[in-house]
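Quick notes on the structure that follows.
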Amino acid sequence: MRVISLCPSNTELIEYLGLTHLLVGVDDFSDWPESVLALPKLGPDLSINMDLVEELQPDMVLASLSVPGMEKNVEALKERGIPHIVLNPQSLNDIERDLIITAEILGMPERGTTAAKQFRERLDAIKSLAAKVTNHPALYWEWWPKPIFTPGKINWLTEISSAAGAQNVFSDVDLASVQTDWEDVLNRKPDFICLAWVGVRREKVQKNVVKKRLGYERLNYLTDDRILILEEELYCRPSPRLLDGLEKLYKLIHK
């Protein structure tokens, strides 16, 4: 089959299924596995060039609704009669289910069953370790610095926090993404600050951006090693790579 992925999380899902060799084109932001860098690029995930998609004559396009604005890609696929499925994972269970659904659509259901089993076993292994810890730190996740955006209750990072034996300080807000301010963050007294800015490489993120904020001295109990600069690709994309992020997070917060 000739398969196209329209966002990084879908591309990573395909790799987890062991089916990257089926891909004939990807969006501009898909950067893992490294082999996809050689594939035709179809534009940014919010503005896919549908003419190029058609030219590649795909048997199946993996679309997504994981970012607001992707709806227009789905509408264009429908208008042109291009075969596609739409994934919209909001939780770890959704990702596990999407492995099964995608493999079935591509005619290799056994791949999905195996991958989903491996996904669940890795998740359960970390949960078992976390169940033994006595310290459950409060984590403040920052997706964007200005204005401040952070994940709320309906988000995989709240699940990741819990699975790692911690708690997202904004887990009481019944939203997927919360726009807030620094004063609100200070009042929640996090034990760790986790910086994973969407679309920004880890090496571009500086701790001083946080340390220079008004009132930061109220967090003087935080040592420098409790401000974590994390890879956005391991925490901000709803793909199986979240498990890589989870395993790393567990080690960082339970040293």
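The values are calculated or read from the model by the stated rules, or taken from the named source; none is laboratory data. Please read these numbers as outputs of a predicted model, since none were measured by experiment. As a convention, Cβ positions derive from the backbone with ideal geometry for all residues, glycine included, and neighbour counts pool all protein chains shown. When the accessible area is computed, the model is the full protein with side chains, heavy atoms only, and any ligands, DNA or RNA have been set aside. Shrake-Rupley method; radii C 1.70, N 1.55, O 1.52, S 1.80 Å.
Of note:
- Charge-dipole axis of region 3-139 as Lys and Arg at +1 and Asp and Glu at -1 on Cβ define it, positive-most pick from SER66, LEU37, ILE82: SER66
- Each peptide among 242-251, 223-232, 110-119 gets the average number of other Cβ atoms lying within 10 Å of its residues, and from highest to lowest they stand as 242-251, 110-119, 223-232.
- Relative contact order of region 25-91, pairs being alpha-carbon contacts under 8 Å that are 6 or more residues apart, as %: 27 percent
- Each principal axis of region 169-214 carries a Cα extent, and these read 31, 24, 18 Å when sorted largest first.
- Ordered by 1.4 Å accessible area with all protein chains kept, HIS136, HIS21, HIS84 run largest first as HIS21, HIS136, HIS84.
- Probe 1.4 Å, protein heavy atoms only - accessible area per residue of region 13-91 in square angstrom: 47 Å²
- Eligible lysines near LYS117 by straight Cα distance, threshold 18 Å, same-chain separation 8 or greater: LYS127
- The chain - percent relative contact order, Cα under 8 Å, separation 6 or more: 16 percent
- Each label point was placed 7 Å from the Cα along the Cα-to-Cβ direction; for ARG2 and LEU46 their separation is 3.0 nm.
- Computed packing ranks the peptides 4-13, 206-215 as 4-13, 206-215, most packed first, by mean other Cβ atoms within 10 Å.
- Gained length - VAL200 relative to LEU65, 0.36 nm times residue gap less alpha-carbon distance: 46.5 nm
- Charges were assigned to the Cβ only: +1 to each Lys and Arg, -1 to each Asp and Glu. The resulting dipole of the chain about its Cα centre is roughly 980 debye.
- Averaged per residue, region 112-165 has 46 square angstrom of accessible surface, using a 1.4 angstrom probe with ligands and nucleic acids left out.
- Counting only residues at least eight positions apart within a chain, or on another chain, the aspartates and glutamates with an alpha carbon under 16 Å from that of LYS72 are ASP27, ASP45, ASP51, GLU54.
- On region 73-147, 55 percent of the accessible area sits on carbon and sulfur atoms, based on a 1.4 Å probe.
- Per residue, the Cα convex hull of region 1-99 amounts to 85 Å³.
- Calculated from backbone phi, Karplus (6.51, -1.76, 1.60) coupling profile of region 84-101 in Hz, x at Gly/Pro: 7, 10, 10, 9, 8, x, 10, 8, 5, 5, 4, 5, 4, 5, 5, 4, 5, 4
- Burial ranking of peptide ranges 47-55, 179-187 (average Cβ count within 10 Å, highest at the top): 47-55, 179-187
- On region 1-70, 55 percent of the accessible area sits on carbon and sulfur atoms, based on a 1.4 Å probe.
- Two-decimal ratio, the chain, of alpha-carbon radius of gyration to 2.2 N^0.38 Å: 1.06
- Pairs from LYS146/LYS207; LYS189/LYS212; LYS132/LYS153 whose Cα-Cα separation, in the structure shown, is over 19 Å: LYS132/LYS153
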